[in-house]
Structures are given as C-alpha cells and as structure tokens.
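Down below is the structure, laid out as structure tokens.
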Amino acid sequence: MTPQHRNLALLLFLSVSPILHSHLFTHAASTSPPVTLSRILMDDFDDDYDDENHKTLTPVKIPVLTRDVKPCKLDPCSEDQEPCPQLHAKTGCLCPGLSGPDEPPHAPRIKGLLQVQEGDNRGKVEIQWCAPSSVVTGYRVVVEGRERDALEFGKALRQSFLGSLEAGTKVCVEAVNNAGHSMTSEFSCDRVSRPASSDDKLLVGVIGGGIVLLLLLIIAAVILWKHHMHKKAKRDSNDGLRNPSYSTEGNL
C-alpha cells in the first residue's frame, strides 16, 4: 500500500470511530440490566439483641399552668392610689412598664386648668394632671413669671390650686425623681383660659333667642305666602267660570 493510500485509510478510520463509539455505548446502556441496591433491614441485626434488656421510653407530659393575667386597674389621674407592686402581690395583675429610678421621668399630662367660679376657692385656678409611666418621687408646678417659686407636691397628688392668675398665663407640670426632672412638652403645659362670665352667658342667650325668633318669623311668612297664593288661584278660577266669553270660546 502506498503512503497516500495509507493516509487516506487513516483519515476514514478517524472520522468513523466517534460514530461507532457512540453507537456501542448506547447499545451497551440499553441492553445492560439495571443496577439495584440491596435494602439493608434492621431485622438482620436483631439476632444478637437481647429482648430482656430492651427498655421502652414513654413520653412524660409536663403540665403547663395557664391563667388569665390582666393589667392592674390604675388610673394615672387619680390621687392616693394603692401602689402597683402591692396590687400585684394581692391579685397577680401586671403593672405597667415604668422607666427606672436612675433616669429622669417622662413628662406628666395636664388634665385641666380652669378658674373656679363657685365655692371657697372662687377666683383661683385649679390644675389637674396625670402621672407618667416613670418612677416619680414628686411633682413641681411652674407658673410663667414665677419660675423661681415653683410649687412642689408629693407623688400621690394629682391636683392643686394656684391662686388667682390672669388669662393666658402659662402653667407647666414637671415630674421629679432622684435622677432629675422631666422635660416640658406640649401636653405638660397649658394656658389659663378666660372663664365665661355672666354677661357672656346672657349675650349667648340673647343671640340664641334672636336666631330662634327669626326662624319662626321666616316660617310664618312662608305659610302666609302659600295661603295667599292658594286663595288667589281659587279666585281666578271662579272668575274664569263666570266670564261669558270664556264659555263661548270654550264652545267654539
């Protein structure tokens, strides 16, 4: 065989060999039996196991005690209440969360700031406030223009009288403990409002009475106008029936 024929045969073999290899691999894969894994059973190892030493573990049920826990009934705006720790010891209720004694308390909230109109304290300003969610040892009431003469009250109090103050005077309440005092806020300060005098009440009554009277006059005028229009329509109808020309035109 010449070198040219030998090279040509080699090229033909290289080109055909991948096809033969793929065909043989596919045929072998399709005709070979599937490989199965034998299952190992625990029964094969039970021969040497002693049944007498076998112990069965039974589950233990741990009882869980549940009860309805409610918050303690506390009104932060009421005075002389029983401390929450004592209520918790008696009833098992939950006390509200409080900031600790090592940090300044939160600001209290002013509930009312009004001038008294009757009784022995007439003319004085009564202030009422609500306690914050903090440990408090006392309260300070600061009046605008009298900051150096702030009034101090015990932690159980929620109201006091401030004497006579002009309308518009700013009053603030501060909570105090060993760490300091609370910062002022929009709900811990208020201004004294001008009370409604007897003249103001009389003026309001006069205005209200005048409005009611005006409405009654308008209603009466509407009723009279409707009555007048009804009578006029009836009179025009009767005049038309008595008119000869009306009857003649009707016959035509």
Cross-link pairs LYS73/LYS155; LYS111/LYS155; LYS124/LYS170; LYS111/LYS170; LYS73/LYS111; LYS70/LYS155 - those with Cα-Cα distance over 21 Å: LYS70/LYS155
Go through segment 166-176 residue by residue and turn each phi into a ³J(HN,Hα) via Karplus (6.51, -1.76, 1.60, θ = phi - 60°); whole Hz please, and just put x for glycine and proline. 6, 5, x, 5, 8, 10, 10, 10, 10, 8, 10
Roughly how many nanometres apart are two label points built 7 Å out from the Cα toward the Cβ at LYS155 and LEU214? 5.8 nm
Arrange the residues ARG148, ARG158 by how much accessible surface each exposes, largest first, with a 1.4 angstrom probe. ARG148, ARG158
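The values are calculated or read from the model by the stated rules, or taken from the named source; none is laboratory data. Bear in mind the structure is a predicted one, so any value in this text is a computation, not a measurement. Ideal geometry is used to build each Cβ from the backbone, glycine not excepted, and the neighbour counts take in all protein chains shown. Quick note on the areas: whole protein, heavy atoms, side chains included, nothing else; ligands and nucleic acids left out. Shrake-Rupley method; radii C 1.70, N 1.55, O 1.52, S 1.80 Å.
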